[in-house]
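S.K.: Have a look at the structure that comes next, please.
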Amino acid sequence: MKNNLNRIAKDTNIYLKKFLGKQGTSKLTSAMNYSLFPGGKKIRSKILIDIGSLLSIDYKTLIIIGASVECIHAYSLIHDDLPCMDDDKIRRGKPSTHIKFGESTAVLAGNSLQTMACEILASHSLRLKEKTKIDLIKKLSECSGHLGIAGGQYLDLSYEGKKISKNKVIDMEKKKTGKLFSFCCAAPAIIRNKSNKEIRFFESIGSSIGLLFQIADDLIDYRGNSKKAGKKTGKDQKKGKATLISLLGYINAIKYCNKIILDVNKNLAKYGSNSKNIKETLNFILNRDK
């Protein structure tokens, strides 16, 4: 599992560095590079490749799409860390982008990464039909904006210190985190020109995986070691964040995660042994310590 993650991370970073290298430099390039590299574990890209392998999508194609996903993820982290948002000073074991470069530079670097994600999907290096590229850009934009990541972050902030129902917390977490995973699962189906029903099936799978990831992330915050996590832990409770752990308790939250894994595996059982990789990734998501 770790070898696969390392390979994906290496190949994704190589592509991103080449893509950035071909563009003209600006005063924002340093901040963009800082937030992208070395970057996280590339779990979103791993999910993309796991699902892509079920539909026999070329690895290089998936790496390029994964690079666009990592740009969106990096932009969302830059903005989440800002003082007006979650006010986090450490990210991936180093000072957050706004601490290193200042708030205005961080905002602009985040904005630039968001637009660069669309540039990557529109680029000549992604050898897909123009219509497919447009469909991918449309889907990624939907997952990143007010119906996805941005909308979920708004709800996360507005729910602080309030008593929020389980369904509302799940909806918030599926937007904040699940939507980008939804894109990762839907993208291979879009490339294969599957029906809307089939695309929705994979989006639903991704949404569940995103929820699993968010709960696992909250578990790390609840029990985790700041050094291992590469960010401050124990902050959710202090801020009165609405999480499934605060509603269900630690043990029941883990049980809820195991049910998500069971349901996803059941839904992908029709792919037989080809779904082995995604099973490993789901278990890794739940049991990771950072």
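S.K.: Send over the Kirkwood Rh of region 15-109, from the inverse of the averaged 1/r over different Cα pairs, rounded to one decimal Å.
M.R.: Computed over region 15-109, the radius equals 14.3 Å.
S.K.: Can you compute the helix-only [θ] at 222 nm over the chain? Use -39500 (n - 2.57) per DSSP H run of at least 4 residues, normalise by all residues, nearest 500 deg cm²/dmol.
M.R.: -22500 deg cm²/dmol, from helical runs alone.
S.K.: Among the listed pairs Lys133/Lys179; Lys18/Lys197; Lys22/Lys175; Lys10/Lys235; Lys241/Lys276, give every one whose C-alpha distance is greater than 28 Å.
M.R.: Pairs exceeding the cut-off: Lys18/Lys197; Lys22/Lys175; Lys10/Lys235; Lys241/Lys276.
S.K.: Taking the Cα centre of each part, how many Å lie between region 88-114 and region 230-290?
M.R.: 27 Å
S.K.: Assigning unit charges at the beta carbon (Lys, Arg +1; Asp, Glu -1) and nothing else, what dipole magnitude in debye, to the nearest 20, does region 2-287 show about its Cα centre? Could you put the intermediate results ahead of the total?
M.R.: Values: 50 positive and 26 negative charges, 123 e Å.
Here region 2-287 has a charge dipole of around 580 debye.
S.K.: Also: For Ser273 and Ala122 in the same chain, what is the full-extension length gain: residue separation times 0.36 nm, less their Cα-Cα distance, in nm? Before the final figure, lay out the partial values.
M.R.: Values: separation 151, 0.36 × 151 = 54.36 nm, distance 3.35 nm.
Length difference between fully extended and current span is 51.0 nm.
S.K.: Would you mind checking which residues have amide H under 5 Å from Arg91's amide H? H placed 1.01 Å from N; only 5 or more apart, or other chain.
M.R.: Residues meeting the amide H criterion: Ser96.
S.K.: In the chain, which helices (entire DSSP H runs) extend 24 Å or more along their own long axis, judged by Cα positions, while averaging at least 0.0 on the Kyte-Doolittle scale?
M.R.: Once both thresholds are applied, what remains is 59-80, 103-122, 196-223.
S.K.: Could you state, as a whole-number percent, how many of the C-alpha pairs of region 171-290 are farther apart than 17 Å?
M.R.: Numbers: 4231 of 7140 pairs.
Of all Cα-Cα pairs in region 171-290, 59 percent lie more than 17 Å apart.
S.K.: Could you order peptides 137-149, 192-204 by the average number of other Cβ atoms within 10 Å of their residues, highest first? Intermediate results must be reported in sequence, preceding the final value.
M.R.: On the way: 137-149: 18.6, 192-204: 15.2.
Result, highest mean Cβ count within 10 Å first: 137-149, 192-204.
A short reminder: the numbers here are calculations on the coordinates, not readings from a lab. All values derive from a computational prediction rather than experimental measurement. Cβ: placed from backbone, ideal geometry, glycine included. Neighbour counts: every protein chain shown.
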